[in-house]
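The values are calculated or read from the model by the stated rules, or taken from the named source; none is laboratory data. Predicted model only: the values in this text are computed from it and were never measured. Methodologically, a virtual Cβ is constructed for each residue, glycine included, from the backbone with ideal geometry; neighbour enumeration extends over all protein chains shown.
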Amino acid sequence: MASHIGRRKFLATLGGTAVAWPLAARGQQPAMPVIGLLYGSQREPIEDRLRAFRQGLKESGFIEGDNVAIVYRFAENQTDQLPKLMADLIYRPVTVIAAVNTVAAVAAKAATTTMPIVFVAGEDPVRLGLAESLARPGGNATGVNFFNIELTAKRLELLRELVPAASRVAVLVDPNSAGTESTLRDVEPAARAMGLQIQVVRAGTSRDIDAAFASDMRERDALFVGPSGFFASRRIHIVNQAIRHGMPATYSNREFPDIGGLMSYGTNLAQAWHQAGAYVGRILKGTKPADLPVVQASKFELVLNHQTARTLGLDVPPTLLARADEVIE
């Protein structure tokens, strides 16, 4: 009997080494570490990103359902629900929070200064208060900055290159998105420098999107769609409306041109989520968030849907085709 008990102790010690520090921090935790994944929008359009997140975890030695559990919390575009969802994750408690969009990251950081957080944010995490610096985050949070907001002027420039006759551009933004204020701050001077007139259109519901296409944007030559988890969840709707109204549009990531959107310029979000999964794995193994520098996206991809361009009667300049990372035919 004694040798049987000793063997169990030995196996328990082996199984616990990977998660020693998070478990030691909270005596009531279950033997299997638990990740709380928090997202401000809906699950349906982000399965590719979730697979990438799990792959990053797997490469760090953690497989969901095997040696780690994941509790998913989606705010369904109701950002006012994020504090309540965070409170639930803290109460459980979970070992580490993966806050995988900007609004979720801000809510997570506001809710706890001790529980480890790995964020995926679309703008400067230092300005957002998520980290003290990029090289040394300092507190309980680190993660990935995928530069959604910082690319605003470049996206507008590429749209102008594709549609040189455009002079009036509608800028569609989500009033509930954490990045809207920054997007508008950057797009207005960029538009002035290019001699473009812009009209800001806010849409926080599907009905708002329909109303915008039916009235607010009818006199515009092109459309700039701001980054938003809500817009990602309604991307089929937005892309179909843009094509139906004959409006050339630019989007923040390739998930839009993949389903028929005209063009996008931005970070590959699946890669950002993959890095977040890898960081969560490192924290589960004992590394503190303060010791993991914020990863900054270094590759931005231009994706063009040539078929949609032809549908809209656009001649894509050869120089733009040559620079595209992918041309969808």
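The table below lists the values:
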| item | result |
| --- | --- |
| Considering residues of the range 151-182 that are touching a helix residue (DSSP H, G or I) at 6+ places or on another chain (Cβ under 8 Å) and assigned to a loop (DSSP other than H, G, I, E, B) only, the residue surrounded by the fewest Cβ atoms within 10 Å (Cβ to Cβ) | 166 |
| Check on residue 221, in the same structural domain as residue 243 (by TED's automatic domain parsing), charged (D, E, K, R) and touching a residue at least 40 places away in the same chain (Cβ under 8 Å) | yes |
| Total residues in the range 193-223, condition surrounded by 13 or more Cβ atoms within 10 Å (Cβ to Cβ), charged (D, E, K, R) and outside any strand (DSSP E or B) | 5 |
| Residue ranges of strands (runs of 3 or more DSSP E) in the range 27-130 with at least 2 members over 24 Å from residue 179 (Cα atoms) | 34-39, 69-74 |
| Unmet criterion (only one of (1) modelled with pLDDT of 95 or more; (2) crowded, with 19+ Cβ neighbours inside 10 Å) for residue 252 | (1) |
| Pairs with Cβ under 6 Å, 6+ apart, first in the range 178-200 and more than 19 Å from residue 122 (Cβ to Cβ), second among the small types (Gly, Ala, Ser) | 198/191; 199/170 |
